[in-house]
1. Among (1) within 26 Å of Ile134 (Cβ to Cβ); (2) of a type outside the set (Phe, Trp, Tyr); (3) buried (at least 16 other Cβ atoms within 10 Å of the Cβ); (4) modelled with pLDDT of 95 or more, where does Pro94 come up short?
2. Pick from Tyr68, Tyr104: which is surrounded by 10 or more Cβ atoms within 10 Å (Cβ to Cβ), over 18 Å from Leu127 (Cβ atoms), aromatic (Phe, Trp, Tyr) and in contact with a Leu (Cβ under 9 Å, 6 or more places away or on another chain)?
3. For region 85-114, what are the residues that are over 20 Å from Glu46 (Cα atoms) and touching a residue at least 12 places away in the same chain (Cβ under 8 Å)?
4. Can you find, within region 57-73, the residue that is nearest to the chain's Cα centre (by Cα) among those that are modelled with pLDDT of 95 or more and not aromatic (Phe, Trp, Tyr)?
5. For residues that are within 15 Å of Arg111 (Cβ to Cβ) and assigned to a strand (DSSP E or B), tally how many sit in region 46-62.
6. When residues of region 77-114 are filtered for being outside any loop (DSSP other than H, G, I, E, B), under 19 Å from the mean Cα position of the chain (by Cα) and not acidic (Asp, Glu), how many remain?
7. Would you please list the contacts, defined by Cβ atoms under 7 Å and residues six or more apart or on different chains, that run from a residue in region 55-73 that is free of Cβ contacts under 8 Å to residues at least 24 places away in the same chain and under 15 Å from His119 (Cα atoms) to a residue that is of a type outside the set (Asp, Glu) and surrounded by 13 or more Cβ atoms within 10 Å (Cβ to Cβ)?
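The values are calculated or read from the model by the stated rules, or taken from the named source; none is laboratory data. None of these values were measured; they are calculated from a predicted model. When we count neighbours, we look across all protein chains shown, and the Cβ atoms used for this are built from the backbone with ideal geometry, even at glycine.
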Amino acid sequence: MQKQQNYTKGKTPLPEKMIGGAGLLLLIMVIGYLIDLALQPGGPPELRIRQLFTIVQDNAYLVEIEVYNAGRETAKDAIIEGQLLPSGVSTGTPVETSETTFDYVPPSSSRRGGLIFHHSPADYKLLLRAKSYIRL
């Protein structure tokens, strides 16, 4: 024979109280985190660019890039430029330049795109930089 538990009206079982308390604690922590996040000062987009890979396409070289926004605001219409410089040189006249535009790069997210060159990037130093963006 199975024993049935009788719950009296108005008495909450201990496991139910514990789960309710844990849920309340979690809710308070989430609200505190969101308030802290909202009170932190904003800052401009901080775009970090890295080369992923290069492939040959119809007598051209496609350099796949990734743009990550480490800032706290969205970058709109971010123009990313790639320059091929002679090896061993960090400044000077580039052999070739290519650029692309990213419509939106939200905070803490990344977008991928490509730069197309007619010279092989393997023969030169590739310099990647953000030229401009609009803050949202």
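1. Result: Pro94 fails condition (4) only.
2. Values: Tyr68 fails: over 18 Å from Leu127 (Cβ atoms).
Result of the check over Tyr68, Tyr104: Tyr104.
3. Leu85, Pro86, Ser87, Gly88, Val89, Ser90, Pro94, Val95, Glu96, Thr97, Ser98
4. Start the filter on region 57-73 by keeping residues that are modelled with pLDDT of 95 or more, which leaves 60-69.
This time we only want the ones that are not aromatic (Phe, Trp, Tyr), so: 60, 62-67, 69.
Details: Ala60: 28, Leu62: 22, Val63: 19, Glu64: 16, Ile65: 13, Glu66: 9, Val67: 7, Asn69: 5 Å.
This residue is Asn69.
5. Taking region 46-62 and keeping what is within 15 Å of Arg111 (Cβ to Cβ), we get 46-52.
This time we only want the ones that are assigned to a strand (DSSP E or B), so: 47-52.
The total comes to 6.
6. 14
7. So the pair list comes out as Ile55/Leu62.
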